Amino acid sequence: MNLIGTVSAQYQLIDKLVRSAKGETRRGLLRVGAAYAALVGWLYQDAGDMDGAAFWRGATQEIAMRSRDPHLIGYSLVNQAQVRTDLGDGHAVVDLCEAALDDADQLVPKVRIMAMQQQAHGVSLTGERRMVDQLIDQAGRLLPRVDDDLPWGNACRRTPGYLEVQRATCYGRLGLGAEAGALWLQVLAIVPETARRDRGVYMARQATAAATAWEPDQAVEIARTVAMIAVETRSARMRRELVTLERAMRPWQDAPVGRDLAEILEPVTEGG
């Protein structure tokens, strides 16, 4: 949460400068301001503060519209869709992503990829597995074409296995435990050990997939490592994933394996 204050202060400074700037200088400041607002929105979302996230995603969209930059406007719509994904509103996610893709030919491949993968999350919320695969496969065909120098939205070329992470997450949401588990094994094989937060989140989702596939012992073994990472990093996102795991493990809550999980997660609960 400390980073939120630092980044939002930068945004406020840019907002003041915009008021007196003119011409292309003003447009440039608007573009930079939108990127900062998007980052603040993500930090709030990562911390689990959805009201704060929604406010800053709205600020991102407003300043993107003022910039007249079609790529940034598309990016801002995807940002809004991310919030709706976390709120479980699949139809809103699809609406926002379709709006972003209305003029797809005018958008750099990176923005199109972001919109397609986010739309996949939307259709996973409405139970459409075929559309999940179709959208992620389409996005995958665009990946080799990402060559812009825009400073924002670079997860698709920075995150190892980016699109398979999205597919595995969607499969997990659809209740496809075995399929999601197989994908998480592939993803975790290429995610570096130094990426502790990402690995912890992915492993928590892997554990939930194991529980969904009726492999509770495997789920608990994975959860041991996740709990240690969650305590170390104090990641709100990881704690939310572990709450999802607890729900998936309810059929075994009175069994020894369920009691083991409760004991493993106790330090995380105490720290949260």
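The values are calculated or read from the model by the stated rules, or taken from the named source; none is laboratory data. This structure is a prediction, so every number in the text was calculated from the model and none was measured. Note that we place each Cβ from the backbone using ideal geometry, even for glycine, and neighbour counts take in every protein chain shown. In case anyone asks, the SASA skips ligands and DNA or RNA and just uses the protein heavy atoms, side chains included. Shrake-Rupley method; radii C 1.70, N 1.55, O 1.52, S 1.80 Å.
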**Prompt:** Restricting the search to the range 232-272, which residues are surrounded by 13 or more Cβ atoms within 10 Å (Cβ to Cβ), of a type in the set (A, V, I, L, M) and out of contact with any Asp or Glu (no Cβ under 9 Å at 6 or more places or on another chain)?
**Reply:** Met238, Leu242, Val243, Leu245, Ala248, Met249, Ile264, Val268
**Message:** Condition first: open to solvent by less than 60 Å² (accessible area, probe 1.4 Å), modelled with pLDDT of 95 or more and acidic (Asp, Glu). Can you find one or more residues in the range 111-131 that meet it?
**Reply:** no
**Request:** Kindly establish whether Tyr75 is open to solvent by 50 Å² or more (accessible area, probe 1.4 Å), of a type in the set (Ser, Thr, Tyr) and either at pLDDT 95 or above or farther than 24 Å from Glu241 by Cα (or both).
**Result:** no
**Pairs where the first residue, in the range 219-238, is in contact (Cβ under 8 Å) with a residue 24 or more places away in the chain and the second is outside any helix (DSSP H, G or I) and surrounded by fewer than 24 Cβ atoms within 10 Å (Cβ to Cβ), C-beta under 6 Å, 6+ apart** = Ala236/Ala47; Ala236/Gly48
**Asked** Out of (1) over 23 Å from Arg197 (Cα atoms); (2) among the hydrophobic types (A, V, I, L, M, F, W, C); (3) surrounded by 15 or more Cβ atoms within 10 Å (Cβ to Cβ), the odd one out for Ala37 is which?
**Response** (1)
**Request:** Could you look through the range 84-99, keep only residues that are over 22 Å from Met65 (Cβ atoms) and assigned to a helix (DSSP H, G or I), and pick out the one that is least open to solvent (accessible area, probe 1.4 Å)?
**Result:** Gly90
**Request:** For Leu13, state whether it is open to solvent by 80 Å² or more (accessible area, probe 1.4 Å) and within 25 Å of Arg197 (Cα to Cα).
**Result:** no
**Asked** In this structure, is Ala189 surrounded by fewer than 20 Cβ atoms within 10 Å (Cβ to Cβ), within 21 Å of the chain's Cα centre (by Cα) and within 21 Å of Arg167 (Cα to Cα)?
**Response** yes
**Complete:** Taking the range 134-151 and keeping residues part of a helix (DSSP H, G or I) and farther than 11 Å from Leu163 by Cβ leaves Gln134, Pro144, Arg145
